[in-house]
Amino acid sequence: MPSILAIPGSLRAGSSNHRILEYIGALLPQDINYTIYEELVSIPPFDPGLDNDEPPVIVVKFREAIASADKVIICTPEYTFGVPGQLKNALDWTVSAGTMVDKPLALITASSVGKHAHEALLLTLGALSANIIQGGTLLIPFIRAKMNGEGNIIDRETDVSIRNLVGKVINA
């Protein structure tokens, strides 16, 4: 069974980014094992001194979750014109293990603006040698205006864009 690991850049349960990842899960065929990673908050600050033969257990599990997934989707907000610290921190832990090398990956940045975080993450993912899926990037500015109070996508263009991205991920 093919698998997709979804990583939200927001730590807040019920965030717009979590809602988008939940929506994507509902769009996927049932024969795809889809998991939203919920332990980002538990990953300790990156410390090269701890990145040795026995890194923290949560880091090992994070790396294993990525390594065992066929594909990865990251959906993140932008904080103060940049990548949320905990997401960037988690990605830093993947460097020495090569966990992201050639991993098919899609990136969604959904925020008030999002442009700066989106560009920065593409640079980071390039440095990690992730395999960005052709057509697998999406910037959704003003996300809160495109969702209702229950977190459902109400903007048709956004809905179509998410569906197109999901199709690209499935077929990659």
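We did not get these values from a lab; they are worked out from the coordinates using the rules stated. This structure is a prediction, so every number in the text was calculated from the model and none was measured. Don't worry about glycine lacking a Cβ; one is built from the backbone with ideal geometry, like all the others, and counts go over all protein chains shown.
Listing for the model above:
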| item | result |
| --- | --- |
| Share, in percent, of DSSP beta bridges within the chain that are antiparallel, nearest 5 | 10 |
| Nearest-0.05 FRET efficiency for Ile170 and Val113, computed from C-beta distance (R0 25 Å) | 0.30 |
| Cut-off 15 Å between beta-carbons: net charge of the residues surrounding Lys71, Lys and Arg +1, Asp and Glu -1 | -1 |
| Shape box of the chain [Cα atoms, principal axes, largest first, Å] | 48, 38, 26 |
| Residues Ala145 and Glu38, FRET efficiency given R0 of 35 Å [Cβ-Cβ distance, rounded to 0.05] | 0.85 |
| Out-of-range pairs (alpha-carbon distance over 22 Å; input Lys61/Lys88; Lys61/Lys115; Lys115/Lys146) | Lys61/Lys115 |
| All lysines inside 21 Å of Lys168 as judged from Cα atoms, apart from same-chain residues fewer than 8 positions distant | Lys71, Lys103 |
| Charge sum, other residues only, whose C-beta stays under 12 Å from Ser96's C-beta, Lys/Arg counted +1 and Asp/Glu -1 | -3 |
| Full-stretch length increase - Asp47, Val60 - with 0.36 nm per residue and alpha-carbon distance subtracted | 3.3 nm |
| Fluctuation leader among Pro45, Pro104, Pro29 - the chain, Gaussian network, Cα springs under 10 angstrom | Pro29 |
| Modelled FRET efficiency - R0 41 Å, Ala120 with Met1, Cβ distances, 0.05 increments | 0.80 |
